[in-house]
Structures are given as C-alpha cells and as structure tokens.
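The values are calculated or read from the model by the stated rules, or taken from the named source; none is laboratory data. Since we're looking at a predicted model, the values are computed, not measured. Cβ: placed from backbone, ideal geometry, glycine included. Neighbour counts: every protein chain shown.
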Amino acid sequence: MKSALPGRWWATFAFITVVAVAGVAFLIWASIGRSGETLAACPPACPVTFTEPSSLLPASVEMDQTIFLYNLIFWLAVIVFVVVEGLLFWTVFRYRNRPPESAVQTHGNTKLEIAWTIAPAIILAVIMGFTLQTMADIRGPVAAQTLRVKAIGHQFWWEFRYPAQRVVTASEMVVPYGVPIEVEMESVDVEHGFWAPELFGKVDAIPGYTTRLRFSPNQIGKSEYGGTCTQLCGAQHAQMRFVVKVVTQAEFDDWATAQLQPAPAADTLRGEVAAGAAAFVEAKNACVACHVIDGVPQAVGKVGPNLTHVGSRPFLAGGVLANTPENLALWLKNPQGVKPGNLMRIAPLDDQTVANLVAYLSALK
C-alpha cells in the first residue's frame, strides 16, 4: 500500500514556494510600486505632502552603482533559490517513499559535493569583489570641482551651509546637476540620520564628529528629491524632513547670488511689513534671540533657522507645514501645537502682531 507521505511533502513544499514568491513580489511592489505615493506621517492638519522616495529609483552616479550591486546580489539569490528549490522538489519526487525492497543505498558523490562547496564560494567571491569595488567608487577621493555643503542636524530640522558661496539656508539643499557634491554632516544635539534614498545612502550626523558622503546628481527631469532623518532623535523624529533640489549650474549660480542679498532695510518697508520688522526685533517677542536675518543687526540668534530668505522656502518647521501665510500664522500662534517638542517656545502673540510678522517674513524672498 502506497504511503500518503509524498502528497504531504508536495503540499508543504508548494506552500513554502508560494509564500516565498509572494514575499519577494510584495517587497518589489513595496519598494517600486508605491514610490509615487506620499508620506503619511504628517498630522491631520498638515497640508504639505512629500513624494515617497525609493532607493530603487536612482538619480545619482553613486546610487546607480549601488543599485547595480543590489540587482546583482538579488538576481544571484533568485538563481540560487530556484536551483536549490528545484533540486529539492526533484529529490522529493525522485526518491519519494517506496516499498523497502526497491530502495537502493548509495554512499554519496564526491565530485558533486565538491562542486556544491566550490560554487557558493565562487558566487560569494564575485559578490565581494563587486561590493569592494562599489565601496571604493562611492567613497573614493572627491573631484577638484566638488561643491561642498555642510548639513547640520537640529531637533528637528536640517541646516545647510555652503562655505564657498557663504550661503546658509534650512530644509532645502539646492545643488547643480552633474557636479559631485560632498556633504559634511554634524549635529548640535543628538544623533541624526541623513538620507535621500534616490541620491545617496544613509549616513549618521553625530554630535562632536564630522561624517561625510558624496553624490553626483545625473538626472534633471525630476528636480526635487525627498529626504528624512533616519535615527530616532526625539518626539518629532518623523517630522524632520528636507528636500534636495537639483538645478542647472546657471540656476544654482543665480540662486546662490540671490541668497547673499540681505533683507530690505527697515526704513524702506511700509505698512504691515514695516510693523512686522519692528515686531521681529522687539525683545519681548524673542525672535532675534534665536534667528538670524542678514541685514538686521539685532538678529544674531543661532538656535533656529536663518530666516533671511524664509519667504522663498517651500515649507516650514522641518517639513510639517507648506509655506503659506496661513500656515505661517498657525506656526507663530502655536508652534508647540503644530510640532510638539520643538525648541520654539514663545509667549502668546496677539493677532495683529502675528499678522504683521507674517507679512514681514513672507516678504523675505
């Protein structure tokens, strides 16, 4: 009488195979298929959305090399999986349970055993060779024409400094297409993680230590790439985002020149804008204690972002609010309500003062 064991074996291995294939398909879908969706970490009242980045959609020379290595390892793993599972199924079918008198005992196959020992070693050696080469390429010496940017992590926003251009901005890093970019990362408080998946791999910003990464944007069609903090750094870790904007060299030069322009002199302002400028420097409002505005001598604070050109930035508060007058007013009225745990703590402002400050800050472009 034939045993029912083979049928159970077939069902078990078929189930394992289906689950494995479904798992791989889900991972591919999760990495690629959802890349056009938006991040959902924003509070319900938050109107700003960010395209969800995907490291499988490279937009720099370094990420092209990284994805090539990833694909090489992935497809080698797929081949190994198919071969091993295929041999396993063949073995189960070929040597399924039979009457004892038909069984033939064998000692083994020395050549086959040597082959399946050497084959994985060769595969791993190939992977190691490509891995070391990729690491050397993406971490090698920078080119002479490199643009250097310093990224400084704060709870909970990113500051960007361009030493050669003498530009300081926040939450938006503008870089030229086709130029190697070297980013030096620091942190003023706790450990942060700096990552824009389509442009470069994750590197930590560590207090008291400078880390570096390099990337060379090689696509100009999509100009903005989302980035985020990847190290749990406090209550608003999920709301510590930034954008890398890739532009032409001419556009970058124009942007850098515009960023060097100071704020308009107070005596040239009128109406609510002038009233807002006056409110900004009033000691009781504490704005100048935390922020810098080039051209305003009283504004020398280093705690918060440089606000010289805040009106031209795409969003506020590290990516929580789109930069509109309504949202700026919401932020000034209740910064802790919008982003609990951030370092901006001010005395309540009356509606007219808020309106004046909004008019002034929105004019700083």
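State whether the residues of the stretch 321-340 include one that is closer than 23 Å to Asp254 by Cβ and either in contact (Cβ under 8 Å) with a residue 60 or more places away in the chain or in the same structural domain as Val167 (by TED's automatic domain parsing) (or both).
Within the stretch 321-340, the subset closer than 23 Å to Asp254 by Cβ is 323.
Now restrict to residues that are either in contact (Cβ under 8 Å) with a residue 60 or more places away in the chain or in the same structural domain as Val167 (by TED's automatic domain parsing) (or both): none.
No, every residue in the stretch 321-340 fails to be closer than 23 Å to Asp254 by Cβ and either in contact (Cβ under 8 Å) with a residue 60 or more places away in the chain or in the same structural domain as Val167 (by TED's automatic domain parsing) (or both).
Taken as a whole, the structure places Phe242 among residues that are buried (at least 19 other Cβ atoms within 10 Å of the Cβ) and in contact with a Cys (Cβ under 9 Å, 6 or more places away or on another chain). Evaluated against (1) surrounded by fewer than 18 Cβ atoms within 10 Å (Cβ to Cβ); (2) touching a Lys or Arg at 6+ places or on another chain (Cβ under 7 Å), Asn334 falls short on exactly one condition, (2). The set of residues in the stretch 55-85 that are under 23 Å from Pro176 (Cβ atoms) and in contact (Cβ under 8 Å) with a residue 60 or more places away in the chain comprises Ser55, Leu57, Pro58, Ala59, Ser60, Val61, Glu62, Met63, Asp64, Gln65, Thr66. If you go through the stretch 257-303 and keep only what is among the basic types (Lys, Arg) and over 30 Å from Ser187 (Cβ atoms), you end up with Arg270, Lys284. When we screen Val300, Val320 for residues that are in contact with a strand residue (DSSP E or B) (Cβ under 9 Å, 6 or more places away or on another chain) and either over 28 Å from Gly227 (Cβ atoms) or of a type in the set (Ser, Thr, Tyr) (or both), the only hit is Val300.
Taking the condition surrounded by fewer than 22 Cβ atoms within 10 Å (Cβ to Cβ), outside the structural domain of Gln155 (by TED's automatic domain parsing), among the aliphatic types (A, V, I, L, M) and in contact (Cβ under 8 Å) with a residue 40 or more places away in the chain, does Ala289 pass? No; evaluated as a whole, the condition is false for this residue.
Regarding the stretch 220-227, can at least one residue be identified that is aliphatic (A, V, I, L, M) and within 13 Å of the chain's Cα centre (by Cα)? Scanning the stretch 220-227, I find no residue that is aliphatic (A, V, I, L, M) and within 13 Å of the chain's Cα centre (by Cα), so the answer is no. You will find that of Phe81, Phe130, Phe68, the residue that is at pLDDT 90 or above and within 25 Å of Gly226 (Cβ to Cβ) is Phe68 and no other. Contact annotation: residue pairs with Cβ atoms under 8 Å, 6 or more positions apart or on different chains, pairing a residue in the stretch 115-132 that is hydroxyl-bearing (Ser, Thr, Tyr) with a partner that is part of a helix (DSSP H, G or I), are Thr131/Leu69. Going through (1) without any contact (Cβ under 8 Å) to a residue 40 or more places away in the chain; (2) crowded, with 17+ Cβ neighbours inside 10 Å one by one, Ala359 falls short only on (1).
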